[in-house]
1. Output the residue which, of all residues in region B:1-20 that are under 25 Å from B:LEU164 (Cβ atoms) and either loosely packed, with under 13 Cβ neighbours inside 10 Å or within 14 Å of another protein chain (Cβ to nearest Cβ) (or both), is modelled with the lowest pLDDT.
2. Quick one: which residue in B:LEU67, B:LEU80 is more than 13 Å from chain A (Cβ to nearest Cβ) and not in a helix (DSSP H, G or I)?
3. If you take the residues in region A:40-52 that are buried (at least 20 other Cβ atoms within 10 Å of the Cβ) and touching a residue at least 40 places away in the same chain (Cβ under 8 Å), which one is farthest from the chain's Cα centre (by Cα)?
4. So, in region B:83-108, how many residues would count as being touching a Pro at 6+ places or on another chain (Cβ under 6 Å), surrounded by 20 or more Cβ atoms within 10 Å (Cβ to Cβ) and within 14 Å of chain A (Cβ to nearest Cβ)?
5. Report, by residue number, each residue of region A:182-198 that is more than 9 Å from DNA strand D (Cβ to nearest atom) and over 26 Å from the mean Cα position of the chain (by Cα).
6. List pairs: first in region B:103-123 and modelled with pLDDT under 65, second crowded, with 17+ Cβ neighbours inside 10 Å, Cβ under 6 Å, 6+ apart or cross-chain?
7. Of all strands (runs of 3 or more DSSP E) completely enclosed by region B:109-227, which ones contain at least 3 residues that are surrounded by fewer than 17 Cβ atoms within 10 Å (Cβ to Cβ) and more than 14 Å from DNA strand C (Cβ to nearest atom)?
8. Let me spell it out: the conditions are (1) outside the structural domain of A:ARG65 (by TED's automatic domain parsing); (2) under 30 Å from B:LYS154 (Cβ atoms); (3) more than 15 Å from the chain's Cα centre (by Cα), and A:GLU133 meets all of them except one. Which number is the exception?
There are 2 protein chains.
Amino acid sequence: MVSHARPAVAVDLVILTLLDGALSVLLVRRGEPPFEGKLALPGGFLRVGDGVEDQGEDLDAAAARELEEETGLGVEDVLLEQFSTFGRPGRDPRMRVLSVAYYALVRSDLAKRVRAGGDAAETCWIPVAELREGVLAFDHEDILQVALARMREKVDTSSLAFSLVPETFTIPELRAVYSAVKGEPQDPGNFRRRVTRLIEDGVLEKAPGVRRTASKPAALYRFRSSG
Amino acid sequence: MVSHARPAVAVDLVILTLLDGALSVLLVRRGEPPFEGKLALPGGFLRVGDGVEDQGEDLDAAAARELEEETGLGVEDVLLEQFSTFGRPGRDPRMRVLSVAYYALVRSDLAKRVRAGGDAAETCWIPVAELREGVLAFDHEDILQVALARMREKVDTSSLAFSLVPETFTIPELRAVYSAVKGEPQDPGNFRRRVTRLIEDGVLEKAPGVRRTASKPAALYRFRSSG
DNA sequence: TCAAAAGTGTTCTGCTTACACCCATGA
DNA sequence: TCATGGGTGTAAGCAGAACACTTTTGA
(Lines give C-alpha, C1' and ligand atoms only; values in the text may rest on other atoms or scores of the structure.)
Protein backbone atom coordinates (compact mmCIF):
# COMPACT_ATOMS: atom_id res chain seq x y z
CA MET A 1 0.00 0.00 0.00
CA VAL A 2 1.20 3.44 -0.90
CA SER A 3 1.80 5.98 1.80
CA HIS A 4 -0.07 9.24 1.41
CA ALA A 5 0.50 12.67 2.83
CA ARG A 6 -2.28 13.30 5.29
CA PRO A 7 -4.24 16.40 6.19
CA ALA A 8 -4.79 17.51 9.75
CA VAL A 9 -8.45 17.01 10.72
CA ALA A 10 -10.31 19.33 13.04
CA VAL A 11 -13.86 19.31 14.33
CA ASP A 12 -15.48 22.74 14.43
CA LEU A 13 -18.75 23.61 16.16
CA VAL A 14 -21.47 26.07 15.27
CA ILE A 15 -23.09 26.36 18.69
CA LEU A 16 -26.39 28.19 18.44
CA THR A 17 -29.01 29.39 20.86
CA LEU A 18 -31.78 31.96 21.05
CA LEU A 19 -30.99 34.97 23.26
CA ASP A 20 -33.61 37.72 23.52
CA GLY A 21 -35.20 36.53 20.32
CA ALA A 22 -31.95 36.64 18.36
CA LEU A 23 -30.27 33.54 17.00
CA SER A 24 -26.77 33.70 18.47
CA VAL A 25 -23.58 31.77 17.94
CA LEU A 26 -20.85 30.99 20.45
CA LEU A 27 -17.49 32.38 19.33
CA VAL A 28 -14.03 32.44 20.84
CA ARG A 29 -11.43 35.14 20.41
CA ARG A 30 -8.20 33.70 19.09
CA GLY A 31 -5.19 34.26 21.30
CA GLU A 32 -2.56 33.24 18.79
CA PRO A 33 -1.73 33.47 15.09
CA PRO A 34 -3.03 33.00 12.52
CA PHE A 35 -5.97 35.39 12.77
CA GLU A 36 -4.87 36.42 16.26
CA GLY A 37 -7.52 38.57 17.91
CA LYS A 38 -10.25 37.53 15.48
CA LEU A 39 -13.35 35.59 16.40
CA ALA A 40 -13.58 31.93 15.47
CA LEU A 41 -15.84 28.94 15.86
CA PRO A 42 -14.79 26.70 18.73
CA GLY A 43 -13.10 23.52 17.61
CA GLY A 44 -10.14 21.28 17.98
CA PHE A 45 -8.19 18.50 16.39
CA LEU A 46 -9.52 15.00 16.07
CA ARG A 47 -7.76 12.46 18.25
CA VAL A 48 -6.49 9.70 16.06
CA GLY A 49 -4.49 7.53 18.47
CA ASP A 50 -1.56 5.77 16.86
CA GLY A 51 -3.85 5.08 13.94
CA VAL A 52 -3.34 1.32 13.94
CA GLU A 53 -3.91 -0.41 17.28
CA ASP A 54 -5.75 2.58 18.69
CA GLN A 55 -7.64 4.41 15.97
CA GLY A 56 -8.73 7.16 18.34
CA GLU A 57 -12.13 8.77 18.87
CA ASP A 58 -15.20 8.90 16.67
CA LEU A 59 -16.09 12.15 14.93
CA ASP A 60 -19.28 12.50 16.97
CA ALA A 61 -17.27 11.87 20.14
CA ALA A 62 -14.78 14.56 19.21
CA ALA A 63 -17.62 16.99 18.64
CA ALA A 64 -19.17 16.07 21.98
CA ARG A 65 -15.82 16.52 23.71
CA GLU A 66 -15.32 19.96 22.19
CA LEU A 67 -18.85 20.92 23.16
CA GLU A 68 -18.25 19.90 26.75
CA GLU A 69 -14.90 21.68 26.91
CA GLU A 70 -16.35 24.85 25.50
CA THR A 71 -19.71 25.02 27.25
CA GLY A 72 -19.75 22.42 30.01
CA LEU A 73 -22.83 20.91 28.37
CA GLY A 74 -23.26 17.27 27.51
CA VAL A 75 -24.87 15.70 24.45
CA GLU A 76 -27.92 14.66 26.47
CA ASP A 77 -28.95 18.32 26.64
CA VAL A 78 -27.93 19.45 23.18
CA LEU A 79 -28.76 18.52 19.60
CA LEU A 80 -25.38 17.85 17.98
CA GLU A 81 -25.26 16.98 14.30
CA GLN A 82 -22.62 16.85 11.60
CA PHE A 83 -23.55 18.89 8.56
CA SER A 84 -20.57 19.33 6.25
CA THR A 85 -16.82 19.09 5.83
CA PHE A 86 -14.65 21.96 4.69
CA GLY A 87 -11.28 21.34 3.10
CA ARG A 88 -10.35 24.08 0.64
CA PRO A 89 -6.58 24.20 0.22
CA GLY A 90 -5.22 27.30 1.90
CA ARG A 91 -8.12 27.76 4.32
CA ASP A 92 -5.54 27.41 7.09
CA PRO A 93 -2.28 29.10 6.08
CA ARG A 94 -0.15 26.84 8.28
CA MET A 95 -0.99 23.49 6.75
CA ARG A 96 -3.69 21.48 5.07
CA VAL A 97 -6.57 21.23 7.51
CA LEU A 98 -9.98 19.60 7.01
CA SER A 99 -12.77 20.74 9.29
CA VAL A 100 -15.65 18.42 9.94
CA ALA A 101 -18.38 20.84 10.99
CA TYR A 102 -21.19 20.20 13.47
CA TYR A 103 -24.00 22.39 14.62
CA ALA A 104 -25.06 22.29 18.26
CA LEU A 105 -28.46 23.62 19.31
CA VAL A 106 -28.60 24.73 22.92
CA ARG A 107 -31.76 25.54 24.88
CA SER A 108 -31.84 29.17 25.89
CA ASP A 109 -32.13 28.36 29.59
CA LEU A 110 -28.92 26.34 29.42
CA ALA A 111 -27.15 28.88 27.24
CA LYS A 112 -27.34 31.46 29.98
CA ARG A 113 -25.36 29.16 32.26
CA VAL A 114 -22.51 28.65 29.81
CA ARG A 115 -19.42 29.85 31.56
CA ALA A 116 -18.09 32.75 29.54
CA GLY A 117 -14.43 31.99 29.12
CA GLY A 118 -14.20 28.23 29.11
CA ASP A 119 -10.69 27.46 27.98
CA ALA A 120 -9.06 30.60 29.33
CA ALA A 121 -10.00 32.06 25.96
CA GLU A 122 -12.58 34.79 25.66
CA THR A 123 -15.92 33.24 24.78
CA CYS A 124 -19.11 35.07 23.86
CA TRP A 125 -22.55 34.74 22.30
CA ILE A 126 -22.95 36.94 19.23
CA PRO A 127 -26.26 37.40 17.39
CA VAL A 128 -25.65 36.08 13.89
CA ALA A 129 -27.44 39.07 12.39
CA GLU A 130 -24.83 41.39 13.86
CA LEU A 131 -21.85 39.62 12.33
CA ARG A 132 -20.14 41.62 9.61
CA GLU A 133 -18.06 40.11 6.85
CA GLY A 134 -14.44 39.63 7.72
CA VAL A 135 -14.74 39.42 11.47
CA LEU A 136 -14.40 35.63 11.58
CA ALA A 137 -11.14 33.74 11.21
CA PHE A 138 -10.41 31.18 8.49
CA ASP A 139 -13.48 30.28 6.42
CA HIS A 140 -15.67 30.22 9.49
CA GLU A 141 -18.07 32.72 7.97
CA ASP A 142 -18.77 30.15 5.22
CA ILE A 143 -19.18 27.37 7.75
CA LEU A 144 -21.66 29.42 9.75
CA GLN A 145 -23.69 30.31 6.67
CA VAL A 146 -23.91 26.69 5.57
CA ALA A 147 -25.07 25.73 9.06
CA LEU A 148 -27.77 28.39 9.02
CA ALA A 149 -28.91 27.37 5.56
CA ARG A 150 -29.18 23.76 6.64
CA MET A 151 -31.22 24.76 9.68
CA ARG A 152 -33.62 26.78 7.59
CA GLU A 153 -34.12 23.72 5.41
CA LYS A 154 -34.74 21.39 8.32
CA VAL A 155 -36.70 23.51 10.77
CA ASP A 156 -40.05 22.72 9.15
CA THR A 157 -39.40 19.02 8.60
CA SER A 158 -37.67 17.93 11.80
CA SER A 159 -37.91 18.43 15.52
CA LEU A 160 -34.87 20.70 15.45
CA ALA A 161 -36.76 23.70 16.83
CA PHE A 162 -37.54 21.94 20.10
CA SER A 163 -33.81 21.85 20.86
CA LEU A 164 -33.77 25.65 21.09
CA VAL A 165 -36.57 26.09 23.64
CA PRO A 166 -36.62 25.07 27.31
CA GLU A 167 -38.00 21.65 28.15
CA THR A 168 -41.40 23.19 28.76
CA PHE A 169 -42.18 26.12 26.56
CA THR A 170 -44.99 28.38 25.45
CA ILE A 171 -46.30 28.67 21.92
CA PRO A 172 -44.93 32.20 21.56
CA GLU A 173 -41.50 30.99 22.67
CA LEU A 174 -41.55 28.32 20.00
CA ARG A 175 -42.77 30.89 17.53
CA ALA A 176 -39.77 33.06 18.36
CA VAL A 177 -37.49 30.16 17.43
CA TYR A 178 -39.14 29.71 14.05
CA SER A 179 -39.05 33.43 13.42
CA ALA A 180 -35.35 33.63 14.25
CA VAL A 181 -34.33 30.61 12.22
CA LYS A 182 -36.40 31.52 9.19
CA GLY A 183 -35.59 35.19 9.50
CA GLU A 184 -39.19 36.34 9.19
CA PRO A 185 -41.99 36.81 11.69
CA GLN A 186 -44.55 34.02 11.98
CA ASP A 187 -48.22 34.85 12.17
CA PRO A 188 -49.42 34.17 15.74
CA GLY A 189 -52.76 32.71 14.70
CA ASN A 190 -51.44 30.46 11.97
CA PHE A 191 -48.55 29.34 14.13
CA ARG A 192 -50.88 28.41 16.94
CA ARG A 193 -52.90 26.25 14.60
CA ARG A 194 -49.78 24.42 13.47
CA VAL A 195 -48.87 23.71 17.07
CA THR A 196 -52.40 22.53 17.75
CA ARG A 197 -51.98 20.00 14.99
CA LEU A 198 -48.71 18.82 16.52
CA ILE A 199 -50.57 18.22 19.77
CA GLU A 200 -53.31 16.29 17.99
CA ASP A 201 -50.63 14.23 16.28
CA GLY A 202 -49.05 13.41 19.63
CA VAL A 203 -45.79 15.24 18.93
CA LEU A 204 -46.35 17.77 21.70
CA GLU A 205 -48.34 17.62 24.91
CA LYS A 206 -49.57 20.11 27.44
CA ALA A 207 -47.33 20.59 30.47
CA PRO A 208 -48.56 21.69 33.89
CA GLY A 209 -48.42 25.34 34.94
CA VAL A 210 -48.18 28.57 33.02
CA ARG A 211 -45.40 30.97 32.15
CA ARG A 212 -45.66 34.44 33.68
CA THR A 213 -44.92 37.02 31.02
CA ALA A 214 -45.12 40.76 30.70
CA SER A 215 -48.79 40.40 29.92
CA LYS A 216 -51.14 37.44 29.84
CA PRO A 217 -49.59 34.19 31.11
CA ALA A 218 -49.13 31.54 28.45
CA ALA A 219 -49.79 27.81 28.63
CA LEU A 220 -46.83 25.43 28.70
CA TYR A 221 -46.13 22.53 26.37
CA ARG A 222 -43.45 19.91 26.07
CA PHE A 223 -42.02 17.71 23.37
CA ARG A 224 -43.02 14.06 23.59
CA SER A 225 -39.84 12.24 22.71
CA SER A 226 -41.28 8.88 23.76
CA GLY A 227 -44.66 7.51 22.85
CA MET B 1 1.93 24.33 17.81
CA VAL B 2 1.52 20.75 18.83
CA SER B 3 1.92 18.03 16.27
CA HIS B 4 -1.02 15.67 15.91
CA ALA B 5 -1.37 12.19 14.52
CA ARG B 6 -3.35 12.49 11.34
CA PRO B 7 -5.95 10.27 9.73
CA ALA B 8 -5.84 9.24 6.11
CA VAL B 9 -8.61 10.98 4.17
CA ALA B 10 -10.44 9.37 1.29
CA VAL B 11 -13.22 10.61 -0.97
CA ASP B 12 -15.88 8.01 -1.72
CA LEU B 13 -18.59 8.28 -4.35
CA VAL B 14 -22.16 7.04 -4.41
CA ILE B 15 -22.71 7.17 -8.16
CA LEU B 16 -26.38 6.66 -8.97
CA THR B 17 -28.47 6.36 -12.08
CA LEU B 18 -31.79 4.97 -13.20
CA LEU B 19 -31.57 1.77 -15.25
CA ASP B 20 -34.82 0.15 -16.38
CA GLY B 21 -36.72 2.02 -13.73
CA ALA B 22 -34.42 0.85 -10.93
CA LEU B 23 -32.18 3.19 -8.98
CA SER B 24 -28.74 1.69 -9.39
CA VAL B 25 -25.34 2.35 -7.88
CA LEU B 26 -21.92 1.95 -9.44
CA LEU B 27 -19.77 -0.50 -7.49
CA VAL B 28 -16.29 -1.90 -7.96
CA ARG B 29 -15.11 -5.34 -6.96
CA ARG B 30 -12.11 -5.09 -4.67
CA GLY B 31 -9.01 -6.82 -5.95
CA GLU B 32 -7.03 -6.69 -2.74
CA PRO B 33 -7.44 -7.02 1.01
CA PRO B 34 -9.13 -5.95 3.13
CA PHE B 35 -12.55 -7.11 1.92
CA GLU B 36 -10.96 -8.68 -1.17
CA GLY B 37 -13.60 -9.79 -3.62
CA LYS B 38 -16.33 -7.70 -2.01
CA LEU B 39 -18.10 -4.84 -3.70
CA ALA B 40 -17.25 -1.29 -2.67
CA LEU B 41 -18.05 2.29 -3.53
CA PRO B 42 -15.48 3.83 -5.85
CA GLY B 43 -13.14 6.24 -4.12
CA GLY B 44 -9.59 7.22 -3.50
CA PHE B 45 -7.31 9.18 -1.26
CA LEU B 46 -7.31 12.94 -1.15
CA ARG B 47 -4.19 14.55 -2.60
CA VAL B 48 -2.69 16.77 0.02
CA GLY B 49 0.57 17.93 -1.59
CA ASP B 50 3.33 18.59 0.89
CA GLY B 51 0.71 20.23 3.08
CA VAL B 52 2.54 23.55 3.42
CA GLU B 53 3.61 25.18 0.16
CA ASP B 54 1.32 22.99 -1.88
CA GLN B 55 -1.80 22.12 0.07
CA GLY B 56 -3.09 19.82 -2.66
CA GLU B 57 -6.55 19.53 -4.22
CA ASP B 58 -9.95 20.66 -3.02
CA LEU B 59 -12.42 18.05 -1.79
CA ASP B 60 -14.78 18.78 -4.67
CA ALA B 61 -11.88 18.46 -7.10
CA ALA B 62 -10.91 15.10 -5.64
CA ALA B 63 -14.49 13.90 -6.04
CA ALA B 64 -14.56 15.13 -9.63
CA ARG B 65 -11.26 13.40 -10.35
CA GLU B 66 -12.51 10.11 -8.94
CA LEU B 67 -15.70 10.43 -10.93
CA GLU B 68 -13.77 10.96 -14.13
CA GLU B 69 -11.40 8.07 -13.42
CA GLU B 70 -14.25 5.74 -12.66
CA THR B 71 -16.79 6.69 -15.31
CA GLY B 72 -15.10 8.98 -17.82
CA LEU B 73 -17.75 11.59 -17.05
CA GLY B 74 -17.05 15.19 -16.15
CA VAL B 75 -18.77 17.41 -13.60
CA GLU B 76 -20.53 19.36 -16.35
CA ASP B 77 -22.71 16.32 -17.01
CA VAL B 78 -23.21 15.09 -13.46
CA LEU B 79 -24.62 16.45 -10.22
CA LEU B 80 -21.84 15.95 -7.67
CA GLU B 81 -22.48 16.92 -4.08
CA GLN B 82 -20.85 16.23 -0.73
CA PHE B 83 -23.30 14.85 1.81
CA SER B 84 -21.48 13.50 4.84
CA THR B 85 -18.19 12.38 6.33
CA PHE B 86 -17.64 8.98 7.88
CA GLY B 87 -14.90 8.43 10.42
CA ARG B 88 -15.77 5.68 12.85
CA PRO B 89 -12.59 4.20 14.34
CA GLY B 90 -12.04 0.73 12.94
CA ARG B 91 -14.07 1.24 9.77
CA ASP B 92 -10.86 0.46 7.90
CA PRO B 93 -8.88 -2.24 9.71
CA ARG B 94 -5.54 -1.05 8.33
CA MET B 95 -5.51 2.46 9.74
CA ARG B 96 -7.64 5.41 10.68
CA VAL B 97 -9.41 6.57 7.54
CA LEU B 98 -11.97 9.33 7.14
CA SER B 99 -14.22 9.17 4.09
CA VAL B 100 -15.73 12.34 2.77
CA ALA B 101 -18.73 11.02 0.85
CA TYR B 102 -20.29 12.49 -2.29
CA TYR B 103 -23.23 11.41 -4.33
CA ALA B 104 -23.11 11.69 -8.10
CA LEU B 105 -26.31 11.62 -10.14
CA VAL B 106 -25.81 10.43 -13.70
CA ARG B 107 -28.34 10.72 -16.52
CA SER B 108 -29.44 7.31 -17.69
CA ASP B 109 -28.35 7.96 -21.28
CA LEU B 110 -24.80 8.68 -20.10
CA ALA B 111 -24.78 5.81 -17.63
CA LYS B 112 -25.13 3.30 -20.44
CA ARG B 113 -21.89 4.58 -21.94
CA VAL B 114 -19.87 4.18 -18.75
CA ARG B 115 -17.06 1.84 -19.60
CA ALA B 116 -17.52 -1.23 -17.46
CA GLY B 117 -14.10 -1.82 -15.96
CA GLY B 118 -12.52 1.57 -15.70
CA ASP B 119 -9.46 1.10 -13.55
CA ALA B 120 -8.80 -2.48 -14.52
CA ALA B 121 -11.14 -3.31 -11.65
CA GLU B 122 -14.50 -4.87 -12.26
CA THR B 123 -17.14 -2.16 -12.30
CA CYS B 124 -20.90 -2.67 -12.44
CA TRP B 125 -24.27 -1.02 -11.90
CA ILE B 126 -26.31 -2.74 -9.20
CA PRO B 127 -29.94 -1.87 -8.42
CA VAL B 128 -29.91 -0.66 -4.82
CA ALA B 129 -33.02 -2.70 -4.06
CA GLU B 130 -31.13 -5.89 -4.85
CA LEU B 131 -28.27 -5.24 -2.43
CA ARG B 132 -28.28 -7.58 0.54
CA GLU B 133 -26.65 -6.79 3.86
CA GLY B 134 -23.04 -7.72 4.10
CA VAL B 135 -22.16 -7.61 0.42
CA LEU B 136 -20.44 -4.21 0.61
CA ALA B 137 -16.96 -3.61 2.01
CA PHE B 138 -16.15 -1.35 4.95
CA ASP B 139 -19.14 0.73 6.12
CA HIS B 140 -20.19 1.40 2.54
CA GLU B 141 -23.65 0.03 3.19
CA ASP B 142 -24.13 2.83 5.75
CA ILE B 143 -22.76 5.43 3.37
CA LEU B 144 -25.12 4.30 0.63
CA GLN B 145 -28.12 4.39 2.94
CA VAL B 146 -27.31 7.90 4.13
CA ALA B 147 -26.99 9.02 0.51
CA LEU B 148 -30.36 7.53 -0.37
CA ALA B 149 -32.00 9.10 2.68
CA ARG B 150 -30.60 12.49 1.76
CA MET B 151 -31.91 12.13 -1.78
CA ARG B 152 -35.38 11.25 -0.58
CA GLU B 153 -35.30 14.41 1.53
CA LYS B 154 -34.18 16.63 -1.30
CA VAL B 155 -35.99 15.23 -4.31
CA ASP B 156 -39.13 17.30 -3.67
CA THR B 157 -37.34 20.52 -2.79
CA SER B 158 -34.50 20.71 -5.30
CA SER B 159 -33.83 20.12 -8.96
CA LEU B 160 -31.99 16.89 -8.13
CA ALA B 161 -34.38 14.72 -10.15
CA PHE B 162 -33.49 16.45 -13.41
CA SER B 163 -29.95 15.11 -13.06
CA LEU B 164 -31.23 11.57 -13.48
CA VAL B 165 -33.15 12.02 -16.74
CA PRO B 166 -31.78 12.76 -20.23
CA GLU B 167 -31.51 16.40 -21.26
CA THR B 168 -34.92 16.17 -22.88
CA PHE B 169 -37.32 13.87 -21.13
CA THR B 170 -40.94 12.86 -21.00
CA ILE B 171 -43.19 13.30 -18.00
CA PRO B 172 -43.41 9.53 -17.47
CA GLU B 173 -39.60 9.33 -17.48
CA LEU B 174 -39.41 11.99 -14.79
CA ARG B 175 -42.14 10.21 -12.90
CA ALA B 176 -40.05 7.03 -12.95
CA VAL B 177 -37.22 8.96 -11.26
CA TYR B 178 -39.48 10.17 -8.47
CA SER B 179 -40.97 6.71 -8.04
CA ALA B 180 -37.52 5.12 -7.79
CA VAL B 181 -36.08 7.69 -5.39
CA LYS B 182 -39.12 7.77 -3.13
CA GLY B 183 -39.68 4.06 -3.41
CA GLU B 184 -43.37 4.34 -4.18
CA PRO B 185 -45.34 4.79 -7.39
CA GLN B 186 -46.47 8.30 -8.23
CA ASP B 187 -50.00 8.92 -9.50
CA PRO B 188 -49.77 9.73 -13.23
CA GLY B 189 -52.46 12.38 -13.16
CA ASN B 190 -51.23 14.18 -10.08
CA PHE B 191 -47.65 14.01 -11.23
CA ARG B 192 -48.54 15.53 -14.55
CA ARG B 193 -50.20 18.43 -12.79
CA ARG B 194 -47.11 19.05 -10.71
CA VAL B 195 -45.00 19.17 -13.84
CA THR B 196 -47.49 21.52 -15.44
CA ARG B 197 -46.97 23.88 -12.54
CA LEU B 198 -43.20 23.68 -13.00
CA ILE B 199 -43.71 24.72 -16.62
CA GLU B 200 -45.91 27.63 -15.60
CA ASP B 201 -43.26 28.66 -13.09
CA GLY B 202 -40.61 28.62 -15.81
CA VAL B 203 -38.61 25.77 -14.31
CA LEU B 204 -39.28 23.47 -17.25
CA GLU B 205 -40.10 24.12 -20.87
CA LYS B 206 -41.40 22.11 -23.77
CA ALA B 207 -38.75 20.67 -26.07
CA PRO B 208 -39.29 19.90 -29.76
CA GLY B 209 -40.19 16.40 -30.88
CA VAL B 210 -41.72 13.42 -29.17
CA ARG B 211 -40.39 10.21 -27.67
CA ARG B 212 -41.51 7.00 -29.38
CA THR B 213 -42.64 4.50 -26.78
CA ALA B 214 -44.34 1.14 -26.75
CA SER B 215 -47.65 2.90 -26.98
CA LYS B 216 -48.58 6.53 -27.44
CA PRO B 217 -45.61 8.85 -28.09
CA ALA B 218 -44.91 11.25 -25.22
CA ALA B 219 -44.09 14.96 -25.37
CA LEU B 220 -40.58 16.08 -24.47
CA TYR B 221 -39.54 18.67 -21.90
CA ARG B 222 -36.28 20.12 -20.71
CA PHE B 223 -34.95 21.80 -17.60
CA ARG B 224 -34.41 25.55 -17.92
CA SER B 225 -31.18 26.11 -16.06
CA SER B 226 -30.89 29.69 -17.28
CA GLY B 227 -33.69 32.22 -17.23
C1' DT C 1 -57.73 51.99 31.89
C1' DC C 2 -54.48 51.17 28.58
C1' DA C 3 -51.04 48.67 26.13
C1' DA C 4 -49.24 44.30 25.22
C1' DA C 5 -49.42 39.94 24.27
C1' DA C 6 -52.15 35.44 24.62
C1' DG C 7 -55.48 33.15 22.29
C1' DT C 8 -59.81 32.46 18.87
C1' DG C 9 -62.32 32.63 14.56
C1' DT C 10 -63.07 33.30 9.60
C1' DT C 11 -62.42 33.46 4.80
C1' DC C 12 -60.01 32.60 0.61
C1' DT C 13 -57.04 30.17 -1.98
C1' DG C 14 -54.37 26.53 -3.70
C1' DC C 15 -52.23 22.11 -3.22
C1' DT C 16 -52.75 17.14 -2.46
C1' DT C 17 -55.12 12.90 -2.87
C1' DA C 18 -57.85 9.58 -4.93
C1' DC C 19 -59.88 7.93 -8.68
C1' DA C 20 -62.65 7.82 -12.99
C1' DC C 21 -62.13 8.36 -17.61
C1' DC C 22 -60.73 9.54 -22.56
C1' DC C 23 -57.54 8.88 -26.44
C1' DA C 24 -53.65 7.74 -29.50
C1' DT C 25 -50.73 4.22 -30.87
C1' DG C 26 -48.33 -0.28 -31.84
C1' DA C 27 -49.03 -4.93 -32.15
C1' DT D 1 -59.58 -4.48 -31.95
C1' DC D 2 -57.33 -4.61 -27.93
C1' DA D 3 -53.94 -3.72 -24.45
C1' DT D 4 -50.82 -0.19 -23.06
C1' DG D 5 -49.81 3.81 -21.34
C1' DG D 6 -50.09 8.87 -22.35
C1' DG D 7 -53.03 12.45 -21.09
C1' DT D 8 -57.52 14.94 -18.94
C1' DG D 9 -61.17 15.94 -15.48
C1' DT D 10 -63.24 16.25 -11.04
C1' DA D 11 -64.56 16.42 -6.28
C1' DA D 12 -63.25 16.28 -1.21
C1' DG D 13 -60.33 17.78 2.10
C1' DC D 14 -56.50 19.71 4.23
C1' DA D 15 -53.02 23.41 4.86
C1' DG D 16 -51.29 28.01 4.49
C1' DA D 17 -51.90 33.17 4.26
C1' DA D 18 -54.06 37.16 5.80
C1' DC D 19 -56.36 39.44 9.15
C1' DA D 20 -60.06 40.83 12.39
C1' DC D 21 -61.25 40.08 16.85
C1' DT D 22 -61.58 38.79 22.03
C1' DT D 23 -59.43 38.04 26.53
C1' DT D 24 -56.30 38.39 30.25
C1' DT D 25 -52.92 40.34 32.48
C1' DG D 26 -49.10 43.94 34.36
C1' DA D 27 -48.12 48.55 34.72
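1. B:ASP20
2. Of B:LEU67, B:LEU80, the one residue that is more than 13 Å from chain A (Cβ to nearest Cβ) and not in a helix (DSSP H, G or I) is B:LEU80.
3. Filtering first and then ranking leaves A:LEU46.
4. Final tally of qualifying residues: 2.
5. Residue satisfying the conditions is A:THR196 alone.
6. Qualifying pairs under 6 Å: B:ALA116/B:THR123; B:GLY117/B:THR123; B:GLY118/B:GLU70.
7. B:122-127, B:204-211
8. If we test A:GLU133 against (1) outside the structural domain of A:ARG65 (by TED's automatic domain parsing); (2) under 30 Å from B:LYS154 (Cβ atoms); (3) more than 15 Å from the chain's Cα centre (by Cα), just (1) comes out false.
The values are calculated or read from the model by the stated rules, or taken from the named source; none is laboratory data. The structure presented is a predicted model; accordingly, all values stated were derived computationally and were not measured. Neighbour counts run over all protein chains shown; Cβ positions are idealised from the backbone, glycine included.
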